[in-house]
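Taking it in order: structure first as structure tokens, then the write-up.
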Amino acid sequence: MIQVLVTRNPQSDIIDFEVSGHAESGPYGHDLVCAAVSAVTFGAVNAVMELCSCEPIIEQGGEGGYLRVELPDSLSNTSFQKASVLLEGMIIALKTIERDYGEYITISES
């Protein structure tokens, strides 16, 4: 199962997220849930990097199955707000996947 953990600051803005595990909803290379989660998360990170002109702190597992992304403290308020909107969009997309494929993905927030 894929587990998504979202961390929010006291103002409810996303400051980091972690994705771990494997969906195992299909054979390797044909796992649609895994592909969807990867596309959504990597697309959001790429959008943050491009549109907010920042380098988030990124940790990845060597063989896949793990991604942790943290927004840097040095972001300007404008860039932070842009990044927040992009990451909220990512969570909405992941919740849509969870709604349809809940046996393969779970999302929690702290």
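The values are calculated or read from the model by the stated rules, or taken from the named source; none is laboratory data. Just so we're clear, the structure is a prediction, and the values are computed from it rather than from any experiment. With ideal geometry, Cβ positions are generated from the backbone for all residues, glycine too; neighbour counts draw on all protein chains shown. Please note that ligands, DNA and RNA were not included when accessible areas were found on the heavy atoms of the full protein model with its side chains. Shrake-Rupley method; radii C 1.70, N 1.55, O 1.52, S 1.80 Å.
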> Applying the selection to segment 18-49, what residues are more than 17 Å from residue 91 (Cα to Cα), touching a His at 6+ places or on another chain (Cβ under 8 Å) and part of a helix (DSSP H, G or I)?
Replying inline: none
> Counting only residues that are within 19 Å of residue 58 (Cα to Cα) and surrounded by fewer than 11 Cβ atoms within 10 Å (Cβ to Cβ), how many does segment 73-102 have?
Replying inline: 2
> Applying the selection to segment 39-63, what residues are modelled with pLDDT under 95 and open to solvent by less than 80 Å² (accessible area, probe 1.4 Å)?
Replying inline: 54, 61
